[in-house]
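Read through the structure below, which is laid out as structure tokens, and then see the notes.
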Amino acid sequence: MTTSDQLSPGSREWLLAFADDEHMIGSRHAAWIGLGPFLEEDLAFCSIAQDELGHAIRLYEFITDEVDRFALLREPAEYRSAWLTELPCDHWDQALTRHWLYDQAEQLRWGALSRSSDDGLQALVARAEREEAFHRQHAELFLSRIAAGGEEGRARIRSALEFLLPYAVAIWEPVAGESEALSDGLITTGSDSLAQQWEDSIKTSLEGWDLSTSWPQPISGQDNRHARTPEFPALLASLQEVITIDSAAIW
Amino acid sequence: MTMRTYEVFLKKDGKDEFRHVGAVHAPDDEMALPLARESYARRAEGDLMWLVDRQHLLVADPDLLAPNADKPHRHNDGRRVAAKRKNERGQV
């Protein structure tokens, strides 16, 4: 397995951004435990949350030997999560729409790692891609039902898209040092190309659901993922609630 | 979305038969499969899964079964035969 001292700064930054995205989206999804629209969906969505947290752990393992402390006890400025993953999404239509937008992007990011020069990463990609196939199926089945349903559901999805798309587009803002990650062979596709593939796939689905919308500019201010959303400190504090009781405890 | 109810059956690889494990609510067949998977098979409880829309079940009238409730002669557990043989051995 690659260890942090073998990673170039650019490769580390790329993995860190992906790991933090998985951590934050998993944590935000997990907040729906007990609140899903019906029991079966509650279970399905929380399984997806668990999968994403599992991916985060496996990715953090390439960066640090102390996953728990690293995942939970950094300063906000040291995280590299995209704003899309930090947002609360307190309404189900938003949570579901984000799940779809994010997982379409996640698939492409695993794909970018799939021919990585690192064997350990290739094994992780194979496992993650099996899980992600189900995540995308889940999101698409659910959204397509709402899209084919009544006007209220369609209006809610439209308004969730309007709110989330600028954040989602910004997920492709390249991390500092992406060219280094490419020349290292950690990834084989750059964010420009992934962003285009993602945009094509999102637009195709939205057209199919008759939910096409004007394509937004990415939200500005993420600052290569160095800046956090106003909601981030409260999210981080809630994630730290247990570990800070006794940060030396072994769970 | 109008919800339907599906009965879920799982089978482990090997000689075990399919067993009923519960029910799921889902809007249609296509969504019922992944939701059943998450509800009943997320810990690898089965290798094969059947779903049956409850509206396709044939449900017997309880009266059809009731006459069989009092037929002890169909419960051949061998005890009467064993008792008889024991009794005969005792007489020898």
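The values are calculated or read from the model by the stated rules, or taken from the named source; none is laboratory data. Remember, predicted model here, so these are calculated numbers, not experimental data. Cβ sites come from the backbone with ideal geometry, for glycine too, and all protein chains shown count toward neighbours. Just so you know, the surface numbers come from the protein's heavy atoms only, side chains and all, with ligands and any DNA or RNA stripped out. Shrake-Rupley method; radii C 1.70, N 1.55, O 1.52, S 1.80 Å.
Under a 1.4 angstrom probe, counting protein chains only, how are A:R130, A:R225, A:R58, B:R37 ranked by accessible area, largest first?
A:R130, B:R37, A:R58, A:R225
Counting Cβ atoms of other protein chains within 10 Å of each Cβ in A:32-45 and taking the mean gives 4.
For B:Y40, the accessible area of its heavy atoms, probed at 1.4 Å with every protein chain present, is near 50 square angstrom. A:H226 contributes an accessible area of around 80 Å² to the protein surface, as traced by a 1.4 Å probe with all chains present.
Taking only the C-alpha atoms of region B:4-91, Rg followed by Dmax gives 21.6, 70 Å.
So, by mean Cβ neighbours within 10 angstrom, what's the order for B:13-21, A:22-30 with the highest one leading?
On the way: B:13-21: 10.3, A:22-30: 23.2.
Order by mean packing, descending: A:22-30, B:13-21.
A quarter of the convex hull surface defined by the alpha-carbon atoms of region A:1-123 gives 7.8 nm² as the mean projection.
Taking only protein heavy atoms and a 1.4 Å probe, the accessible area of chain A is 51% carbon and sulfur. Distances between every pair of Cα atoms in region A:4-245, grouped in 10 Å steps from 0 to the bin holding the largest one, split as 7, 33, 38, 18, 3, 0 percent. With the whole protein complex present, B:V52 retains an accessible surface near 40 Å², based on a 1.4 Å probe.
Estimated from helices alone, the mean residue ellipticity of chain A at 222 nm is -21000 deg cm²/dmol (sum of -39500 (n - 2.57) over DSSP H runs with n ≥ 4, per residue). In this structure the amide hydrogen of A:H91, modeled in the peptide plane, comes within under 5 Å of no amide hydrogen from residues 5 or more places off or on another chain.
Which of the peptides A:114-120, A:148-154, A:160-166 is most tightly packed, and how do the rest follow, going by the mean number of other Cβ atoms within 10 Å of each residue?
On the way: A:114-120: 15.1, A:148-154: 12.0, A:160-166: 19.1.
Output ranking for A:114-120, A:148-154, A:160-166: A:160-166, A:114-120, A:148-154.
A Stokes-Einstein calculation at 10 °C with viscosity 1.306 mPa s, built on the Kirkwood radius of region A:177-251 over Cα pairs, returns a diffusion coefficient of 95 µm²/s. Among A:D93, B:D77, the sequence by solvent-accessible area, most first, with a 1.4 Å probe is B:D77, A:D93. With all protein chains in place and ligands, DNA and RNA left out, the 1.4 Å accessible area ranks B:K86, A:K203, B:K71 as B:K86, A:K203, B:K71, largest first.
Protein heavy-atom accessible surface, 1.4 Å probe, per residue over the protein assembly as shown: 53 Å².
Gain on full extension, evaluated as 0.36 nm per residue between A:T189 and A:S247 minus their Cα-Cα distance, stands at 17.0 nm. Residues in region B:58-64 carry Karplus couplings, in order, of 8, 10, 6, 5, x, 4, 5 Hz; the curve used is 6.51 cos²θ - 1.76 cosθ + 1.60 with θ = phi - 60°, and Gly or Pro positions show x. Charge tally for A:T204 (other residues, Cβ to Cβ under 13 Å; Lys, Arg +1; Asp, Glu -1): -4. When only alpha carbons are used to place a centre, region A:48-103 and region B:21-81 end up 40 Å from one another. Under a 5 Å amide H cut-off, with hydrogens placed 1.01 Å from N, B:A23 pairs with B:V8 among residues at least 5 apart or on other chains. Heavy-atom accessible area buried between chains B and A is around 1300 Å² (1.4 Å probe, both sides summed).
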